[in-house]
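For reference, the structure is listed below as structure tokens.
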Amino acid sequence: MSGVSGDGRVITTRFAPAPTGHLHIGHVVNALYVWETARRQGGRVLLRIEDHDAQRSRVEFEESILEDLAWLGFVPDAPMVRQSDRGAVYEAALQRLRAQGAIYACDCSRRDIAKAAGSGAELRYPGTCASRDLPETPDCAIRVKLPRSEERFDDVLQGPRIQVPADQCGDLLARDRKGNWTYQFAVTVDDFEQGIDLVIRGLDLLESTGRQIQLARMLGRTDPPRFMHHPLVMRTPDQKVSKSDGATGIREMRASGMRPLDVIAAARRLA
Ligand SMILES: [Zn+2]
């Protein structure tokens with residue numbers, strides 16, 4: 001393989017677990033997609049610990065994830081980064097949006113939003129605070145004004161998609177009322193700043209793609225990443241494997257005597 005993508009760029013992708021539980025077989029399936037795609041194309045894999053949620057992230061889970069990854073033989077091509085160390089980067093990104101007049105403070109509770117939004121597939125923020133001009137105080141959330149336009153992209157595995165983020169989720173939460181940077185904001189900033197040009201992740205995040213592309217453009221990214229959404233590992237047709245699912249935890253598989261290659265083979269059968 002040539003080491004560059006079809007349009008001539010060298011590929012940089014990432015593996016980005018949240019330390020809110022131990023590594024499970026679904027992570028290993030994702031890691032296989034990430035490392036094998038990068039290796040096949042001569043690209044690089046970065047490792048990012050997505051601990052943006054201070055209330056749910058635990059140091060012991062981070063340690064256990066890193067230990068299991070090393071045991072399995074997944075080696076990143078650069079030193080790991082941790083979202084909790086990157087507050088200044090997110091603050092600088094927010095400042096760029098603030099300078100464009102593209103953010104506003106919001107003091108709505110989840111219940112307020114649910115009441116105003118009605119029933120939909122996803123909770124859509126109706127823009128209640130967009131014109132209230134609230135001061136940015138520590139107990140306010142910060143939202144980003146998304147364009148009303150549709151977003152088209154061509155997923156590597158899922159094909160062409162059209163999404164209208166303003167209708168799906170409304171103005172995007174950048175920081176919540178507890179002071180946490182949100183997943184959507186943090187990963188979009190990280191993918192931009194780290195030069196990620198191919199995002200490889202599970203199908204449950206397909207619906208987030210249009211909003212992340214729009215936010216990336218607002219942050220000044222002229223070449224948003226490409227996306228590859230792969231199927232999730234299912235226990236039953238409607239239940240994806242989760243961190244609390246002990247039988248598929250790498251810790252338990254190791255304790256049962258499985259070797260790294262056995263775990264990789266099990267993941268490969270599910271991929
Ligand atoms: Zn609000």
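The values are calculated or read from the model by the stated rules, or taken from the named source; none is laboratory data. As the structure is a prediction and not an experimental result, all values here were calculated from the model. Backbone-built Cβ (ideal geometry, glycine too); neighbour counts: all protein chains shown. Surface areas here come from the heavy atoms of the whole protein model, side chains and all, with no ligands, DNA or RNA. Shrake-Rupley method; radii C 1.70, N 1.55, O 1.52, S 1.80 Å.
Exactly one condition in (1) open to solvent by less than 70 Å² (accessible area, probe 1.4 Å); (2) within 16 Å of the ligand (Cβ to nearest atom); (3) over 20 Å from G179 (Cα atoms) is not met by R124; state its number.
Result: R124 fails condition (1) only.
Just a yes or no: is a residue in segment 35-50 surrounded by 14 or more Cβ atoms within 10 Å (Cβ to Cβ) and within 30 Å of A130 (Cβ to Cβ)?
For segment 35-50, residues surrounded by 14 or more Cβ atoms within 10 Å (Cβ to Cβ) and within 30 Å of A130 (Cβ to Cβ): present.
Filter segment 135-181 down to residues that are among the basic types (K, R), within 16 Å of the ligand (Cβ to nearest atom) and touching a helix residue (DSSP H, G or I) at 6+ places or on another chain (Cβ under 9 Å), then give me how many there are.
The qualifying residues number 2.
Working carefully through the options S84, S109, find the one that is surrounded by 13 or more Cβ atoms within 10 Å (Cβ to Cβ) and either over 30 Å from R251 (Cβ atoms) or more than 16 Å from the ligand (Cβ to nearest atom) (or both).
Sole residue among the options that is surrounded by 13 or more Cβ atoms within 10 Å (Cβ to Cβ) and either over 30 Å from R251 (Cβ atoms) or more than 16 Å from the ligand (Cβ to nearest atom) (or both): S84.
Pairs under 7 Å by beta carbon, first residue open to solvent by less than 50 Å² (accessible area, probe 1.4 Å) in segment 127-141, partner assigned to a loop (DSSP other than H, G, I, E, B) and more than 9 Å from the ligand (Cβ to nearest atom), six or more apart or different chains?
What qualifies is G127/G170; A130/K145; C140/R177; A141/D176; A141/R177.
For segment 150-173, give me the residue count where each residue is in a strand (DSSP E or B) and either open to solvent by less than 20 Å² (accessible area, probe 1.4 Å) or touching a Phe, Trp or Tyr at 6+ places or on another chain (Cβ under 7 Å) (or both).
7
Being modelled with pLDDT under 95 and among the acidic types (D, E) narrows it down to one residue among D204, D190; which is it?
D204
In this structure, is R14 outside any helix (DSSP H, G or I), under 20 Å from E193 (Cα atoms) and touching a residue at least 60 places away in the same chain (Cβ under 8 Å)?
yes
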